[in-house]
Every structure is written in structure tokens, then in C-alpha cells.
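Written below as C-alpha cells is the structure these notes are about.
Just so it is clear, none of the values below were taken in a lab; they were calculated from the coordinates. On a predicted model such as this, the values are computed, not experimentally measured, just so you know. Cβ placement follows ideal geometry from the backbone for every residue including glycine, while neighbour counts extend to all protein chains displayed.
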Ligand SMILES: *Cc1c(COP(=O)(O)O)cnc(C)c1O
């Protein structure tokens, strides 16, 4: 929780103008949402269930943006009933749908971006290209709908700061198009895509672009997901089975370790989010110290002998299901002997992990979550 809290303070330092609306899909953990609600962020929801979860925390509907350009009709009715007015669109059919179900909605036109340098591309699926925005805005005008702003997303796990610069420029173009049609959009939504490791650089480029193209009276919001939660979660898993693999020619033994969680579970980020989680040893109860008994630390010569004597052991790490695709790591070396009952842990497991896990093969008993707070500010808000 302290990690989430620190990321929030960091956001406020580097992106002062941008009010974060946490993308719930990234990790709808109830404690994370509770902390962010207490910190006063907004929320980006994409379904009825996500909106419900956030409203149940007592968050005002005005702090929610329904940021899914192609919405289920019954969900639009639900949003209208709850007073969740802000929503995105990127096509004409959606405008007719909104006209019918929620004509007072505050609409954000989601524009296409160049997301080719991102981890998970979103513009293959969503976003109006700049040669269609004029027509869409004209239709919105004809239908007497309310244009609140423009939205974009540079792709999840963005790596090119230029993508933000170009998207802000394009958004300016659409703001001007809208003004020419008699609209007065008040908000720019810069989406998500921020990665903790490169955040400061991205934020600098984005802030400069915002100041160049959008005067201070324009409200700026963002929809960060992974930025807030990626490093906040560490997962520990248990070795449930081990298989020794002998190589008779090389006279070596490697091991396949089977864990109680895998690609169909919390490691879904390997498939869906192109991640490569790094194993670390939490508890090895067997022969964890493979140094010869006579080994002495102080002697340099003996150290060399030790290095030569301790050959790292080769492992591959697998999930618990019967599918061969369920592999966490094809090759990992470790100088400790690991066996059934031992534990590994993996850091940075907060984004796009548990939320996209399945119940495949009946492995539904997926971990207890232990919450700790390393920041007094977070503890105070959460009552820890
Ligand atoms: C997924 C998504 C986000 C969050 O993206 P991150 O890369 O996790 O920051 C924000 N907005 C929309 C519309 C999304 O689909």
C-alpha cells in the first residue's frame, strides 16, 4: 500500500496538471481501490461491475469516466441511472446508441494514436482517425449531444515519449475542429500507458506538450493503470512437484519445478501482458547451502575453488495445469537445491495478473492477499 501511495505522490509531483483516474481493469484489488478513493483520485471503468465496485466505495459518480468506446447497452442504461455521465466514443453507431439511452452524457471523442512502441496495443481496436473526427463531431452536433472533451491512449506500457507529444497535438486539432462546430470542450483525457521505470521522462514530455497546446483553463485527466500497481504486489508460490531430467551425455541433472500458480492463474500477465516474471528463492528447506563443508570464506584461493565446485542448477518453472503452454520460465539457474514444499517469489506482479486469471483445470484456490503499508500516510487513510 505504501508503494501505491508513493506512486501517487510521484504523479502529483511530475504531472501536476493531470488528475489521475485509475484504470480499474489493471488490478481491481479492493484495498487498492479503497486507498485511491481516499487519496481522491478518479476512476476509469469499462463495465457495469467496475462502476458498481467503485460506487460502493462511496465515490461520487462525477469521479468516474466510463472509458470504453463500444459499450453494452444495458451498461449505458446503468451508467445513466447512477449518474456516471462521462464516457468515451469513437464511432457513429455509438453516438446513436448514446442518443437513445443517455442523451445528457458528457462525451469524450477517443482518437487514434500511434501505439506501435507500446507493450499492449489498443489502437488496433479503438480510436477515431483524424480524417473521421470532423464527421463524428458534426453528427454529435446534429444529434444535439454534449461534447465534454477528447481522449486518447498511447498504448499500454508505452515506451516512446514522442507518442504523447503527437497525441496531444492531434487532440488540439480535434479541440479546434469541435470549436468550429460550436462545441466548447473543457477536458482533455491523456489516457494511460505510463510505466514506472520511464515515468519521469514521459511526464516531462507530456507536461511540456500540455503547456504548449492547452491553456490552463482546460482540465486535464489521465487514466493510469499499471503505473500505480505494478511494483506494489509480490507473489509467493509453492513448489508442488519436481521432476529430475538427466542428461546422460553431459552427465548433468536439471529439474522441472511445478508451482501452485501459473499462466492460467496470476501469471496470466505472461500471455496477456508480455511479461517475464523473475523467480527468486523465498524458502529452500533442503540442501540450500551447497558449499563443501570444508569451505572457508576468508581464503581467496578457496573462493575460486568454491566457484568452480558450485555449478548453478538448471531449472524450468511450470504452472499446475495440464497444458504445456503453462510455463512460467523455460530456463532459470539457481545455486540452491529446490524441492517440493519450497517457495519462490516474484516481484512486480501487480498489473494485469490476478484480474485476468482463469479457473482453468479447477485451480481456483488462488492465494490469500496480505496487505502491508510502508507509509504512515497510507496507513492513516486505510486504518492499518
Ligand atoms: C487499459 C486502459 C488504461 C490503463 O492502461 P495502463 O497502460 O495500465 O496505464 C487506461 N485507459 C483505457 C481506456 C484503457 O483501456
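Numerical summary
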{"read-out": "Extension gain (nm, one decimal) between residue 244 and residue 16, 0.36 nm per residue minus Cα-Cα", "value": "76.6 nm"}
{"read-out": "Computed FRET value (nearest 0.05) for residue 82 with residue 382, which takes r as the C-beta separation and R₀ as 25 Å", "value": "0.45"}
{"read-out": "Gain upon complete extension [residue 169, residue 371; 0.36 nm per residue less C-alpha separation]", "value": "68.6 nm"}
{"read-out": "DSSP-defined antiparallel bridges as percent of all bridges, the range 2-230, nearest 5", "value": "5 percent"}
{"read-out": "Mean separation of Cα contacts under 8 Å, 6 or more apart, over the residue count of the range 2-230: relative contact order %", "value": "21 percent"}
{"read-out": "Per-pair calculated FRET efficiency, R0 = 35 Å: residue 211 and residue 359 via Cβ, rounded to 0.05", "value": "0.15"}
{"read-out": "Residue 141-residue 38 pseudo-label distance in nm [points 7 Å out on the Cα-to-Cβ vector]", "value": "4.8 nm"}
{"read-out": "Counting DSSP beta bridges with both ends in the chain, the antiparallel % (nearest 5)", "value": "40 percent"}
{"read-out": "Proportion of all alpha-carbon pairs of the chain beyond 29 Å (%)", "value": "51 percent"}
{"read-out": "Over the range 1-75, relative contact order from alpha-carbon pairs under 8 Å, at least 6 apart, %", "value": "29 percent"}
{"read-out": "Relative contact order for the chain, counting Cα pairs under 8 Å that sit 6 or more residues apart, in percent", "value": "18 percent"}
{"read-out": "Overall form of the range 2-230 per C-alpha gyration tensor (a/c, 1.5; a/b vs b/c)", "value": "oblate"}
{"read-out": "Protection proxy ranking, peptides 3-12, 244-253, 323-332, average beta carbon neighbours within 10 Å, highest first", "value": "3-12, 323-332, 244-253"}
{"read-out": "Distance between the range 138-170 and the range 37-100 - C-alpha centres, whole angstrom", "value": "17 Å"}
{"read-out": "Computed lengthening from residue 200 to residue 184, 0.36 nm per intervening residue step minus Cα-Cα distance", "value": "2.6 nm"}
